[in-house]
Amino acid sequence: MNPHARRAAEQLFVFFFNPAFRHRFERVTLSLAIASFLGHLALIVLHDLHWINLGLGPSELFISPVTAIYTPFSFILVYEVYMLIYHLPDSFTISIGKQYEIISLIIVRRIFKDISKLDISDNWLGSYRNGLLAADMACILVLFGLIFWFYWLRKRRPRLQQPSDIHQFVVKKKGISGLLAPILFLLAVYSLGNWLLDLQQFNLGRLDELPDINKVFYNEFFTLMILFDVLILMLSFRYTDNYSQLIRNSGFVISTVLIRLSFSAEGVLNPILITVGVLFGTLMLALYNLMGRLEAERANEARELAGKEAQGKAQHNG
C-alpha cells in the first residue's frame, strides 16, 4: 500500500472508530434494537388479527412473540461486527475471539427463531426439527465454554519480545480496518437489498425457495474476514519469524474457514462444523501458550548462559 493510500485508510479508521462516533453508533444500535423488537411484536399481533397480510415470506418469524427477539439480535450482531473491526489493529487474537462471539450470537438468534416451532406432539422425541434445535442448544453451551477458555488462555499467553518495528504493523492493520468498515457496510446494504428482492420474487412466484435469512450478510462476511485474516497473516511474516506465532495465526485462519464452511452445511453438520472450528482455534491458542513458555524458558537459559560466560571472561581478564 503506497503512503497516500495508507494515510487515507488510516483517516477512515479515525473517522469510523473515534470515541464520539463509537458512542453514537452504540446508542443508535441500541435504539434500533429496541424499536425493531417493538415493531416486530406489532407485526406479529397485526398478523394474528388478520389485519395485515405479510405474503408468503419468512412466516416462521411471525408465528410467536418469541421470534420477535430475532430482529434486535440482528442489530446486536451488527454492533459486534463493528467492534471486531475496531479491535483488529490491537490484537489478531481478540479479532478471532470476536468472530467466535459473532457466530455464537448467530446461533442464539437462530434458536429464538426455531424454538417457537418446537414440536410438542407425542412423537416429540423423534422430531427432526426438535433434534436440530437440541443440536443448536448443545452447540451454544459448548461454544460459550470454549470462548471463555479462549479469552482465559489469551490472558495467560507468554510475553514474548516484540519486534522493534511492531508499530508499523499496527499502523497497517489500522489501514486495513479503515478499508474494511465501509466495505462491510456496503456489503450489509447489498445483502439485505438482495434478500428483499428475492422475497419479492418469491411472493410473485418467480422463486421456488426463499434464501435462508440466517445466512444473509454473514455468509459473505466470514468469506471476507478469511481474506483479510490471510492478508494480516501475510503481513505478519514481515514482522516476526517466531514459529509458534506464525502457526497460531495460520490455525486461526483455518478456524475461520471451518466456520465459513458451516454456512454451506445443512442440518446437524452446521453446528458440528462451527464447534470444530472454534475448538480448533482454542486448542491452537493453548498449544501456542505452551510453546511460548518453552521458548521463554529457552531464552532465559540462553541469557543466563551468556551472563555466566561474560562473567567468566571478566574474571579471567581480571
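The values are calculated or read from the model by the stated rules, or taken from the named source; none is laboratory data. None of the values given here were measured: they were computed from a predicted structure. Glycine gets a Cβ as well: all are built from the backbone with ideal geometry, and neighbour counts include every protein chain shown.
Residues that are at pLDDT below 95 and either more than 22 Å from the chain's Cα centre (by Cα) or surrounded by fewer than 14 Cβ atoms within 10 Å (Cβ to Cβ) (or both) do occur in the range 146-156, at least one of them.
Quick grid of which residues meet (1) closer than 21 Å to Glu220 by Cα; (2) of a type in the set (Gly, Ala, Ser):
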| site | (1), (2) |
| --- | --- |
| Val28 | no, no |
| Ser31 | no, yes |
| His40 | no, no |
| Val45 | no, no |
| Trp51 | no, no |
| Leu61 | no, no |
| Tyr79 | yes, no |
| Met83 | yes, no |
| Phe92 | yes, no |
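Residues in the range 198-224 that are outside any helix (DSSP H, G or I), at pLDDT 80 or above and either of a type in the set (A, V, I, L, M) or surrounded by fewer than 18 Cβ atoms within 10 Å (Cβ to Cβ) (or both): Val216 only. For the range 96-127, the tally of residues that are in contact (Cβ under 8 Å) with a residue 12 or more places away in the chain and in a helix (DSSP H, G or I) stands at 22.
Of the residues making up the range 268-294, those that are in a helix (DSSP H, G or I), within 17 Å of Ile106 (Cβ to Cβ) and among the β-branched types (Val, Ile, Thr) are Ile272, Ile274, Thr275, Val276, Val278.
Of the residues making up the range 225-245, those that are within 13 Å of Leu180 (Cβ to Cβ) and surrounded by 15 or more Cβ atoms within 10 Å (Cβ to Cβ) are Met225, Ile226, Phe228, Asp229, Ile232.
From the residues in the range 1-23 that are of a type in the set (D, E, K, R) and over 22 Å from the mean Cα position of the chain (by Cα), which one is modelled with the lowest pLDDT? Residue satisfying both the conditions and the ranking: Arg6.
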